[in-house]
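Q: Submitted below is the structure of interest, expressed as structure tokens.
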Amino acid sequence: MRRRDRTASGQVAARVEIAGDRAGGRGTVRGGVDLRGDGSAEAFTRARGDARVVECRRGESAVEALRRVLANLTTRTSIVPL
């Protein structure tokens, strides 16, 4: 078995994922936040197994960026602010 050496920023220390109905009843939308070993966070959405990174806007946290993107994709836009 080959061992991979990764930096702390390349390792996922924790992951939170959520799923909900897509607007118009067109399937499910999934997303989440990865917490990296160096303490940074990165939001992502997932469709058909492919994950896409969610870019944060200036001053926006990974959780806020995920909330913004998912609110545009789901039928229920009652995502409560933290």
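Every number in this text was worked out from the coordinates using simple rules, so none of it is lab data. Keep in mind that this is a model prediction, so the values were computed, not measured. In this analysis, Cβ positions are derived from the backbone assuming ideal geometry, glycine residues included, and neighbour counts consider all displayed protein chains.
Q: Using the per-residue mean of other Cβ atoms lying within 10 Å as a proxy for protection, in what order, highest first, do the peptides 30-37, 59-66 fall?
A: Peptide ranking by packing, descending: 30-37, 59-66.
Q: Explain nothing, just the number: relative contact order of region 8-73, from Cα pairs under 8 Å at least 6 residues apart, as a whole percent.
A: Relative CO of region 8-73 lands at 26 percent.
Q: If you don't mind, another one. What FRET efficiency, computed as 1/(1 + (r/R0)^6) with R0 = 41 Å and r the Cβ-Cβ distance, is obtained for residue 71 and residue 7, rounded to the nearest 0.05?
A: Computed FRET efficiency for residue 71 and residue 7: 0.80.
Q: How big is the charge dipole of region 8-73 about its Cα centre, in debye rounded to the nearest 20, if each Lys and Arg gets +1 on its Cβ and each Asp and Glu gets -1 on its Cβ? Walk me through the numbers on the way to the answer.
A: Values: 12 positive and 9 negative charges, 56 e Å.
Dipole of region 8-73, to the nearest 20 debye: 260 debye.
Q: Given just the C-alpha atoms of region 8-73, how large is their convex hull per residue in cubic angstrom?
A: Numbers: hull volume 5.1 nm³, N = 66.
Here the figure is 78 Å³ per residue.
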